Each structure stands twice: as structure tokens, then as C-alpha cells.
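Please read through the structure below; I'll follow up with questions.
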Amino acid sequence: MSSAPSSEIPVIDIGPFGDGDGPGAAAVAAAFDRACRDLGFVVVVGHGVPQAAIDAAHRSSRAFFDLELAQRDRYAAPPGGFVGYRGLGAEGLSYSLDQETVPDFKEAFTVGRIERGDEPYFTSEIGRMYMPDLSWPTEVPEFAATWTELYRHMDRVAWRLMRVFAAALALPLGFFDDKVDRNISCLRAINYPHQSTPAQPNQLRAGAHTDYGSLTLLSMEDAPGGLEVQRADGSWVPVRVPSDAFVMNVADLMAQWTNDQWRSSMHRVANPPPDANGNTRRQSLVFFHQPNYDAEVIPLASCCGPDTPPKYARTTSGEHLFMKMTKAKNINV
Ligand SMILES: O=C(O)CCC(=O)C(=O)O
Ligand SMILES: [Fe+2]
């Protein structure tokens, strides 16, 4: 299996963007604008996250999934909750689009925002719903530290990317700053177990879906049976990236902000081919960047016009997330 990125998914070095004032900022913004109007997927390099931090979080995630089921279950997400451990069969992402199918062949561990303040935004009932208490798996001693470090790095990269987005959309550079400065992003490790027998009919590692927030950053292991993104004609493109790059994709709220000028593309995780050799286990680390729960999302005036009236009613980041989560997690809960 090649780890060469698909030529349809551009590789963009975000280093030259700097804080928006780098010498290459305009070119980076223009490249993102093109990619976000097309498939909405980018291979991000030059992100500045040390490889050691990425590798360490992958290692502690793998160690967690290697624990006995009874130990993993100690961290089980509460009914209706989204943080903690969700075992095989607990989730079907296609449900988020009202498509009923067999559950995804995966298990996952998720944390919400790690740093919290003592203002009501964090301590109120609604704040605690979006940022439930953290419960780190103590059986893997380095888990909390490695995840906390990766979360901070991902948050910083996403902050810069939101500035790239602002530049790409000809908005003031800080347009999104006050909408994401207390974001409720999740970091999630997903383990797609080795498949020794073919999956059930219609069962995928992850069913087709779009992501819910502003953008998603993904670090993946290269293994058979991976991520695929849907082209406008309905066909699927495999997404392969080297382990030091992140896949970035536009998620629903950016599509809503841009009145669908940018695409929140359907994607899925395919099963390994039946003739795949050896162990087909695959792990990904996914940072779902989700704006502040009270951030309003209304199609931007600059993306609407007489021929392109607003397609979306006003929503908030929290309302959209809650609606999608409720649908995707309604299996076994
Ligand atoms: O594991 C992957 O490569 C993608 C997972 C994904 O798209 C998701 O969980 O939203
Ligand atoms: Fe996704």
C-alpha cells in the first residue's frame, strides 16, 4: 500500500502562512480556498507538531485498546454521552445522516476540551454537558500527559487554520477568533480491529458521514482499509498520508458559514480488502474542532447574493453538535 497522497487532495505547507503575515500567507490562503471549494480535503504539512508528540499519543492509545475489555469498559461513555470509551457496535456514523445501517466496526476513546476556566461558560449545566468531567485511563500511565500535549498542539494548528480560512474568505484575519477561543473540540482515538473474517453485509469500519464542526484534523496509520472521500459524481477517492502529515477536512459548520461554497464532503472508512495480508488493524487520532458552543453560525453575507440566498437558518455550534451526536449515538444507548 502506498502512502503517497492522492493527487486529488492537495498537499499544502502551512508554514509560510505564519500568523497571517508570513511572506507566503496569500498563497496558502488561496490554495486552501481552492481545495475547500473542491473536495474539502487537504493534506497539511508544515504544521509544526513534533513527530514525537504524535507518535506518543498513538502509542498510548494503542496501549489502551490493548487492555482487557473489562478495563476499557471502566471508562465507558455514559448513556447518551460522547466522551470516554465506546466499544464495538456502539456507534453508526451513517445514523447522523438518518441512514440506518449496521454499526461501524470500530471502537473509540474520546475526550472533550481539556482546559476549563471557572466562569459559567464552563461550570454551568450546559457547559458541563459539552465538557464532561475527564476520566483518564490510569492503566496506561502516560495516557493523560500524551493526550493533553497532542490536544494542545491540535488546538493551536486549528486556530491557525481558522485564520487561514478567514484569509481565504477575504474576512478580517481574526474573524473566527472569538468563535473558537473557548472551543469544545474533542480528541478521539479510533481502533479499527483486525478483520479476520469479512464484515457483515453493509458494515463498514465507519459509515459514510460528514463531520459536524468547523474542521477536522486526522493523524492516521497506513493500513489496508482506510479513509475514502466522495467526489461530486458519487465515486470514492482513497486518502493516504504519511505519518507526519495531517488530513484536514472542512466540516458542516464551515459549509454553513460559506453557504455551501466550501464542501463538507461525505467520507467513510472502508473495510480491508478480503485478500489483505497480515494484520489489518488500523488506528487514527482525530481532532474534531468544534467552535465555542454559543458561537452563532449564519451564512456569511459575502457568500450570499441575489442568486445564492442563504441556504441555512441560524444555528449555534452547540445546537448543531447536539443534534448530530444524538443521531449518531442512538445505537445501544
Ligand atoms: O479514521 C478515519 O480515518 C476517519 C474517521 C472519521 O471520519 C470520523 O470518525 O469522523
Ligand atoms: Fe469523519
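The values are calculated or read from the model by the stated rules, or taken from the named source; none is laboratory data. Keep in mind that what you see is a predicted model, and the values were worked out from it rather than measured. Heads up, the Cβs are rebuilt from the backbone with ideal geometry, glycines too, and the neighbour counts pull from every protein chain shown.
In region 132-147, what residues are aliphatic (A, V, I, L, M) and modelled with pLDDT of 95 or more?
At the first step, the residues of region 132-147 found to be aliphatic (A, V, I, L, M) are 134, 140, 144-145.
Val140, Ala144, Ala145, listed by residue number.
Quick grid of which residues meet (1) among the acidic types (Asp, Glu); (2) within 12 Å of ligand 1 (Cβ to nearest atom); (3) in contact (Cβ under 8 Å) with a residue 40 or more places away in the chain:
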residue	(1), (2), (3)
Leu253	no, no, yes
Asp260	yes, no, yes
Arg268	no, yes, yes
Pro272	no, no, yes
Ala276	no, no, yes
Ser284	no, yes, yes
Asn292	no, no, yes
Ala295	no, no, yes
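Restricting region 6-50 to residues that are part of a loop (DSSP other than H, G, I, E, B) and acidic (Asp, Glu), which is surrounded by the most Cβ atoms within 10 Å (Cβ to Cβ)? Steps first, please.
If we filter region 6-50 for residues that are part of a loop (DSSP other than H, G, I, E, B), which is where we start, we get 6-10, 14, 18-24, 38-40, 46-50.
Subset that is acidic (Asp, Glu): 8, 19, 21, 38.
Working: Glu8: 14, Asp19: 10, Asp21: 8, Asp38: 17.
Filtering region 6-50 for residues that are part of a loop (DSSP other than H, G, I, E, B) and acidic (Asp, Glu), the one surrounded by the most Cβ atoms within 10 Å (Cβ to Cβ) comes out as Asp38.
Which residues, taken from region 286-333, are aromatic (Phe, Trp, Tyr), surrounded by fewer than 19 Cβ atoms within 10 Å (Cβ to Cβ) and at pLDDT 95 or above? Step through it out loud before you land on a result.
Filtering region 286-333 for residues aromatic (Phe, Trp, Tyr) gives 287-288, 293, 312, 322.
Now drop any that are not surrounded by fewer than 19 Cβ atoms within 10 Å (Cβ to Cβ), which leaves 312, 322.
Answer for region 286-333, where residues must be aromatic (Phe, Trp, Tyr), surrounded by fewer than 19 Cβ atoms within 10 Å (Cβ to Cβ) and at pLDDT 95 or above: just Tyr312.
Restricting region 229-269 to residues that are hydrophobic (A, V, I, L, M, F, W, C), outside any strand (DSSP E or B) and within 13 Å of ligand 2 (Cβ to nearest atom), which is surrounded by the fewest Cβ atoms within 10 Å (Cβ to Cβ)?
If we filter region 229-269 for residues that are hydrophobic (A, V, I, L, M, F, W, C), which is where we start, we get 229, 232, 236-237, 239, 241, 245-248, 250-251, 253-255, 257, 262, 266, 269.
Those left that are additionally outside any strand (DSSP E or B): 232, 239, 241, 245, 251, 253-255, 257, 262, 266.
Now narrow it down to the ones that are within 13 Å of ligand 2 (Cβ to nearest atom): 239, 251, 266.
Numbers: Val239: 22, Ala251: 23, Met266: 18.
Residue satisfying both the conditions and the ranking: Met266.
Restricting to region 290-300, count the residues that are within 19 Å of Trp159 (Cα to Cα) and away from ligand 2 (no atom under 15 Å from the Cβ). Quick ask: steps written out before the conclusion?
Our first condition is that a residue be within 19 Å of Trp159 (Cα to Cα); within region 290-300, this holds for 290-297.
Narrowing the set further to residues that are away from ligand 2 (no atom under 15 Å from the Cβ) leaves 291-297.
The total comes to 7.
A quick yes/no check of all residues on (1) more than 17 Å from Val140 (Cα to Cα); (2) of a type in the set (Gly, Ala, Ser); (3) at pLDDT 95 or above:
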residue: Ala57; (1), (2), (3): no, yes, yes
residue: Ser60; (1), (2), (3): no, yes, yes
residue: Tyr75; (1), (2), (3): no, no, yes
residue: Gly80; (1), (2), (3): yes, yes, no
residue: Gly87; (1), (2), (3): yes, yes, no
residue: Gly92; (1), (2), (3): yes, yes, no
residue: Phe105; (1), (2), (3): yes, no, no
residue: Phe109; (1), (2), (3): no, no, yes
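Continuing with this model, one more query. Take the residues in region 174-205 that are more than 16 Å from ligand 2 (Cβ to nearest atom) and outside any loop (DSSP other than H, G, I, E, B), then tell me which one is surrounded by the fewest Cβ atoms within 10 Å (Cβ to Cβ). Break it down stepwise before answering.
From region 174-205, those more than 16 Å from ligand 2 (Cβ to nearest atom) are 174-184, 193-203; that's our starting set.
Next, only the ones that are outside any loop (DSSP other than H, G, I, E, B) stay: 177-180.
Details: Asp177: 13, Asp178: 11, Lys179: 19, Val180: 24.
Per the stated criteria, the residue is Asp178.
Still on this model: Can you tell me which residue in region 207-222 is modelled with the lowest pLDDT, limited to those that are more than 8 Å from ligand 2 (Cβ to nearest atom) and in contact with a Lys or Arg (Cβ under 8 Å, 6 or more places away or on another chain)?
Applying the filter and picking the extreme gives Asp222.
So, in region 272-289, of the ones that are within 16 Å of ligand 2 (Cβ to nearest atom) and in contact with a Lys or Arg (Cβ under 9 Å, 6 or more places away or on another chain), which residue ends up farthest from Met162 (Cα to Cα)?
Top of the filtered list is Arg282.
Have a look at Ala170, Ala145 and point out the one that is without any contact (Cβ under 8 Å) to a residue 40 or more places away in the chain and either charged (D, E, K, R) or surrounded by fewer than 16 Cβ atoms within 10 Å (Cβ to Cβ) (or both).
Details: Ala170 fails: without any contact (Cβ under 8 Å) to a residue 40 or more places away in the chain.
Of the residues listed, the single one that is without any contact (Cβ under 8 Å) to a residue 40 or more places away in the chain and either charged (D, E, K, R) or surrounded by fewer than 16 Cβ atoms within 10 Å (Cβ to Cβ) (or both) is Ala145.
Report yes if Ser235 is free of Cβ contacts under 8 Å to residues at least 40 places away in the same chain and of a type in the set (S, T, N, Q), otherwise no. If you could, list the steps in order and put the result at the bottom.
Numbers: free of Cβ contacts under 8 Å to residues at least 40 places away in the same chain: yes; of a type in the set (S, T, N, Q): yes.
Here the answer is yes, as Ser235 does meet what is asked.
Looking for something within 16 Å of ligand 1 (Cβ to nearest atom) and of a type in the set (Gly, Ala, Ser) - is there at least one such residue anywhere in region 157-168?
Going residue by residue through region 157-168, those that are within 16 Å of ligand 1 (Cβ to nearest atom) are 158.
So of that shortlist, the ones also of a type in the set (Gly, Ala, Ser) come out as 158.
Yes: region 157-168 contains one or more residues that are within 16 Å of ligand 1 (Cβ to nearest atom) and of a type in the set (Gly, Ala, Ser).
Keeping to region 75-92, report how many residues are more than 20 Å from Met131 (Cα to Cα) and not in a loop (DSSP other than H, G, I, E, B).
So the answer is 0.
Surrounded by 23 or more Cβ atoms within 10 Å (Cβ to Cβ) and either of a type in the set (Lys, Arg) or in contact with a Lys or Arg (Cβ under 6 Å, 6 or more places away or on another chain) (or both): does that describe Arg160?
Working: surrounded by 23 or more Cβ atoms within 10 Å (Cβ to Cβ): no; either of a type in the set (Lys, Arg) or in contact with a Lys or Arg (Cβ under 6 Å, 6 or more places away or on another chain) (or both): yes.
The answer is no for Arg160.
Scan region 213-241 residue by residue and report those that are within 14 Å of ligand 1 (Cβ to nearest atom) and out of contact with any strand residue (DSSP E or B) (no Cβ under 7 Å at 6 or more places or on another chain).
Here is the first cut: in region 213-241, the ones within 14 Å of ligand 1 (Cβ to nearest atom) are 213-230, 236-241.
Asp222, Pro224, Arg240, listed by residue number.
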